[in-house]
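Structure first, commentary second.
Bear in mind that the values in this text are calculations on the coordinates, not laboratory data. From a predicted model like this one, the values you see are computed outputs, not experimental measurements. Please note: Cβ atoms are built from the backbone with ideal geometry, for glycine as well, and neighbour counts cover all protein chains shown.
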Amino acid sequence: MSYQKVKSFSFSKDFRTITAISASNNCHPLDYGKSIIQAKEEETTNDFIKIWVGDIIGGGLQFNNKTHYIQYVIDIILAKNNIKSNRMLWASPYDYNADYHYDTNKFIYKNKEDEKAYQAAKTKSEEIKEEITQAILNGSLKKRYKELKKEKYVLTNGYSFLTRKGSRSFDYSGEKTRAKIFNGLSLLSLKNYYAITNYNYHFEKLEKEAKIWKITRLKN
């Protein structure tokens, strides 16, 4: 799959322009370039934002920094709606037993129930994108995002602490003082990290009291 690896991405204050530094994942070595794209005069600000939200959800744009604010907003809204993966929003007629007929340029479904199910999935996807767009526009999640960046956590399985996080391996120690420190944004960005899913590691919050870090178990 071809996509753009995004090093930086931001909207202007009026949300009518995006500035991005990105590179195609198919180019080796990666050749990052800067893009400045403005909304068309006839395009609403809401639609302009939603197009970019759709590109991120669809996988066309992928942040190098998984804790980027826009990614955080998307992750929060997906979690709120009990959507575990972006793929759950990739509604396609082919997923609902439809065949494309080139003579009529239309999708034909095997039954009405499949067509209704597709339309429902498509509507749900648009509703989620709209909710994400509104959250970006009104900045309702910015305060919590900034708070999470300041919070500190460690990954532990109850008796050892993760000291190095690799993409395919990790190191650990029984000494809490050697633990790798994560900020609160990792609660979402690393929720599927294999040390968590396969080895029973979980995040525990660090509370700073009198210059001493004390571990407090997170409550579900």
Checklist entry - Which angle between 0 and 90 degrees, to the nearest 10, do you get for helix 45-57 versus the longest principal axis of the chain when only C-alpha atoms count? => result 70 degrees
Checklist outcome for this item: So, over other residues within a Cβ distance under 13 Å of LYS180, counting Lys, Arg +1 and Asp, Glu -1, the net charge is +2
Item to check | Percent antiparallel among DSSP beta bridges (both partners in the chain, rounded to 5) | outcome: 90 percent
Checklist outcome for this item: With a ≥ b ≥ c from the Cα gyration tensor eigenvalues, square-rooted, and the rule rounded for a/c under 1.5, otherwise prolate when a/b > b/c and oblate otherwise, the stretch 164-209 is oblate
Checklist entry - Computed from these coordinates, which is log10 I(q)/I(0) by the Debye sum over Cα atoms at q = 0.11, 0.12, 0.14, 0.15 Å⁻¹: (1) -0.73, -0.84, -1.05, -1.14; (2) -0.52, -0.62, -0.83, -0.93; (3) -0.45, -0.55, -0.77, -0.90? => result (1)
Checklist entry - Reachable lysines from LYS122, Cα under 28 Å, same-chain residues fewer than 8 places away excluded? => result LYS5, LYS40, LYS50, LYS66, LYS80, LYS84, LYS106, LYS110, LYS112, LYS191
Item to check | Most mobile listed residue (GLU207, GLU42, GLU151) in the chain, GNM with C-alpha springs under 10 Å | outcome: GLU42
Checklist entry - Any idea what the dipole of the stretch 4-145 comes to, in debye rounded to 20, about its Cα centre with Lys/Arg Cβ at +1 and Asp/Glu Cβ at -1? => result 700 debye
Item to check | Magnitude of the charge dipole, the stretch 151-217, Cβ model with Lys/Arg +1 and Asp/Glu -1, debye to 20 | outcome: 120 debye
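Could you work out the relative contact order of the stretch 151-217, using alpha carbon pairs under 8 angstrom and six or more residues apart, expressed as a whole percent?
RCO, the stretch 151-217: 35 percent.
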Item to check | Estimated FRET transfer efficiency (LYS84, LYS143; beta-carbon r; R0 35 Å; 0.05) | outcome: 0.85
Checklist entry - Taking only Cα atoms, what is the 0 to 90° angle, nearest 10, from helix 112-138's long axis to the longest principal axis of the chain? => result 50 degrees
Checklist outcome for this item: Listed by chain and number, the aspartates and glutamates with an alpha carbon less than 13 angstrom from that of LYS176, same-chain partners under 8 positions apart left out, are GLU204
Checklist outcome for this item: Measuring from the longest principal axis of the C-alpha atoms of the chain, the long axis of helix 69-80 (C-alpha) lies at a number of degrees, nearest 10, equal to 80 degrees
Item to check | Value of relative contact order over the chain, rounded to a whole percent, pairs C-alpha under 8 Å and six or more apart | outcome: 13 percent
Checklist entry - Put +1 on the Cβ of every Lys and Arg and -1 on every Asp and Glu Cβ in the stretch 1-156; which of TYR145, THR44, MET1 then has its Cα farthest towards the positive end of the dipole? => result TYR145
